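> Next up is a structure, given as structure tokens.
The values are calculated or read from the model by the stated rules, or taken from the named source; none is laboratory data. Since the model is a prediction, treat every value here as computed from it, not as a measurement. With ideal geometry, Cβ positions are generated from the backbone for all residues, glycine too; neighbour counts draw on all protein chains shown.
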Amino acid sequence: MEKAFTRGQMAHLATVNPATIRYYERKGLLAKAKRSPAGYRIYSEATIRKIKLIKRVQALGFSLAEIAELFALQMTPERECASVCRQIHEKIEDIEKKITHLKSIQSALSMMAENCNGKRTIRDCGVLEVLADD
């Protein structure tokens, strides 16, 4: 027989806040928990593994909505994986756009830093001058 865990135990084992588990249930990422005879919500080890999976996929930049889509695709294992591959490629494109944007920000900040020698007054600060320019 598989071991059952309370929400607090499961949260500790999955290294998440108990509120996260409730949130995942509300979002449909986790099935509603069964109840013990005493009325406590009880969860299985499979639920712990699913929470850890959700956290790993989130760390790759996927939103909870995207994760729900991936889980929905698992419900039809006979289907071709083209939709999963499409999501991965879309995520790569999204990350490339973010990298480009961050490089642009880095470049702008570098230019500002070049205008600042740290020896002026705030009134004459080169960084603030650059920010004020259109």
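> Please go through segment 81-134 and give me each residue that is charged (D, E, K, R) and either closer than 30 Å to residue 69 by Cβ or assigned by TED's automatic domain parsing to the domain that holds residue 69 (or both), ordered by number.
86, 90, 91, 93, 94, 96, 97, 98, 103
> Suppose we filter segment 28-55 for residues that are over 17 Å from the mean Cα position of the chain (by Cα) and of a type outside the set (D, E, K, R); how many remain?
Summing the residues that are over 17 Å from the mean Cα position of the chain (by Cα) and of a type outside the set (D, E, K, R) in segment 28-55 gives 13.
> Give me the pairs, please: first residue somewhere in segment 65-86 and in contact (Cβ under 8 Å) with a residue 24 or more places away in the chain and within 16 Å of residue 47 (Cα to Cα), second residue anywhere and part of a helix (DSSP H, G or I) and of a type outside the set (Asp, Glu), beta-carbon distance under 8 Å, and either six or more positions apart or on two chains.
67/54; 67/57; 67/58
> If you check 7, 26, which single one turns out to be touching a Pro at 6+ places or on another chain (Cβ under 8 Å) and within 24 Å of residue 65 (Cα to Cα)?
Every option except 7 fails the conditions.
> Hey, another quick one. Provide a single number: the residues in segment 59-76 that are assigned to a loop (DSSP other than H, G, I, E, B) and either closer than 27 Å to residue 32 by Cβ or modelled with pLDDT of 95 or more (or both).
Of the residues in that region, 5 qualify.
> Of the conditions (1) surrounded by fewer than 11 Cβ atoms within 10 Å (Cβ to Cβ); (2) within 30 Å of residue 5 (Cβ to Cβ); (3) hydrophobic (A, V, I, L, M, F, W, C), residue 102 satisfies every one except a single condition; which number is it?
Exception for residue 102: condition (2).
> Moving on. Among the residues of segment 26-45, count how many are acidic (Asp, Glu) and buried (at least 17 other Cβ atoms within 10 Å of the Cβ).
Final tally of qualifying residues: 0.
> Still on this structure: Identify, from the list 20, 100, 121, 47, the residue that is of a type in the set (Ser, Thr, Tyr), in contact with a strand residue (DSSP E or B) (Cβ under 9 Å, 6 or more places away or on another chain) and either at negative phi or touching a residue at least 24 places away in the same chain (Cβ under 8 Å) (or both).
It is 47.
> Of the residues 56, 79, 22, 49, which single one is charged (D, E, K, R) and in a loop (DSSP other than H, G, I, E, B)?
Just a single option satisfies the conditions, and that option is 79.
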